[in-house]
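Readers should treat all values here as calculations from the given coordinates under stated rules, not as data from a laboratory. Remember, it's a predicted structure, so these values are computed and weren't measured experimentally. No Cβ is skipped: glycine too gets one built from the backbone with ideal geometry, and neighbour counts run over all protein chains shown.
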Amino acid sequence: MLKKIILSLSIIIILTSCSFKEETSSPKQEKVGDIEEKDYVEPYADENPISLGLYLNENGTKTLISSYNSPLTQYQDIISLEVYYTKDGSFTGNQKQLWHQYYQNYTNIDAYKIGYHIYFETNNDIIDKVILTPSDVESFFDYIQVYLYDDINQNSSWYSHITSEEVTDTTKLTSIKLTASTKIDEITSPITITAFTYDNDIDFDANGQYRGNSSYQLTITRK
């Protein structure tokens with residue numbers, strides 16, 4: 001009788017052990033070759049062919065500049081800049097005619113738009129802002145007033161800055177003006193302005209920053 005009890009206990013222990021091993025064994029991971037299968041993310045590659053620059057217009061002469069000194073006087077204009085699809089050092093002529101001259105050096109670029117990026121530091125904040133529409137400048141207006149212009153789609157010699165309501169699929173933000181605002185004296189760093197061209201959302205990273213290859217930057221320092 002004792003032998004039967006010992007034999008029954010041994011069988012129960014063996015069966016329980018086998019069941020435990022089956023339940024706790026790790027599930028197999030499906031592999032492709034020797035590499036575990038994962039979601040594939042296609043790497044970003046920008047095929048944008050446009051080369052562009054920021055130009056200061058002085059008495060009809062457009063000069064490519066990468067640095068500029070300003071007294072940053074409250075309520076006074078800091079600088080006005082024009083964008084052309086070139087990095088030629090300087091040239092003269094009518095803005096609209098020059099725009100089309102350089103624009104026609106490219107083909108199939110109608111989908112590309114012009115955007116800007118501004119960066120500066122203040123006593124209490126860091127302004128790091130991509131500007132794609134006029135409304136994007138509102139958050140830092142107390143420091144610097146930014147005005148955007150569509151110089152190409154105009155039928156008169158006098159026109160104002162463009163508003164968000166006026167933006168269409170054909171709008172070209174070909175120039176930008178910076179004016180010192182109420183809190184201009186609180187800016188503690190140089191101001192950088194970057195112009196760039198883009199054609200879709202993948203030209204911006206997960207943080208909304210431009211990552212394409214078509215850009216030009218200007219640094220403004222206080223005199």
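A compact table of results
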{"item": "Largest-first ellipsoid semi-axes for the stretch 65-171, taking √(5λ) over the Cα gyration tensor eigenvalues, angstrom", "result": "27, 18, 15"}
{"item": "Prolate/oblate/rounded label for the stretch 114-223 (Cα gyration tensor, a/c 1.5)", "result": "oblate"}
{"item": "Net charge, residue 46 excluded, C-beta distance under 15 Å - Lys, Arg +1, Asp, Glu -1", "result": "-4"}
{"item": "Links that overshoot a 20 Å alpha carbon limit, given the list 87/223; 87/113; 87/129; 62/223", "result": "87/223; 87/129; 62/223"}
{"item": "Around residue 134: net Lys/Arg minus Asp/Glu count, Cβ-Cβ under 13 Å", "result": "-3"}
{"item": "Long-range amide H partners of residue 189 with built H, under 5 Å", "result": "121"}
{"item": "Karplus (6.51, -1.76, 1.60) ³J(HN,Hα), θ = phi - 60°, over the stretch 136-143, in Hz, Gly and Pro reported as x", "result": "6, 9, 5, 5, 10, 4, 5, 9"}
{"item": "Shape category assigned to the stretch 37-109 from the gyration tensor of Cα positions, a/c cut at 1.5", "result": "oblate"}
{"item": "Integer Hz, Karplus 6.51/-1.76/1.60 couplings in order for the stretch 96-104, x for Gly and Pro", "result": "5, 5, 5, 4, 5, 4, 7, 4, 6"}
{"item": "Shape category assigned to the stretch 162-223 from the gyration tensor of Cα positions, a/c cut at 1.5", "result": "oblate"}
{"item": "Per DSSP, loop chymotrypsin sites (Phe, Trp or Tyr not before Pro) in the stretch 142-207 with at most 10 further Cβ within 10 Å", "result": "158"}
